[in-house]
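A short write-up of the structure that comes next.
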Amino acid sequence: MDEDGRSFTEGEVKFFSQCDTGSIPVIVLFTKFDALYDDEFAELISKGVSRKDAEALAPQHAKEAFASGPQLKLLYNRKGNQRPPRCHICLPDMDKDNAECGPLIERTAETLDDETLKQMFVSTQRTNLEVCMGYAVEM
């Protein structure tokens, strides 16, 4: 994804450079991450990879391209970005009925510092029993 593919808006840039979130952890969600799959698929095809292999390899190539891309550099390394997010998460296929939110729930639980808040969050995740059990064992 090039920088124009989804640049940060001025409001988003100001949020991370000027807003004081105090002890509230901020997690940035990239919900249209699967849009990168098409770019990587096309790149792989242009290099002579079969369509079947390109389809299988595109998600991993998208992760690698995103990790070194402009969005994360702007988010974490931008000069003047005094308050970068605690973490980010890429969520593909969020437009589908069976969208997987488990990774978001897990990263949220990992990111929370306050034990009481973490316990409240985990206890509300009745739909994700694995997260509840995993954090119950840790606490």
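Structure data summary
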item	result
Within the accessible area of segment 37-115 (1.4 Å probe), percent carbon and sulfur	48 percent
Heavy-atom accessible area per residue - segment 69-114, 1.4 Å, Å²	61 Å²
Relative contact order computed over segment 28-120 (Cα-Cα under 8 Å; 6+ residues apart), in percent	36 percent
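The values are calculated or read from the model by the stated rules, or taken from the named source; none is laboratory data. Computed from a prediction, not measured in an experiment: that's the story for all the values here. Ligands, DNA and RNA are excluded from the accessible area calculation, which covers all protein heavy atoms including side chains. Shrake-Rupley method; radii C 1.70, N 1.55, O 1.52, S 1.80 Å.
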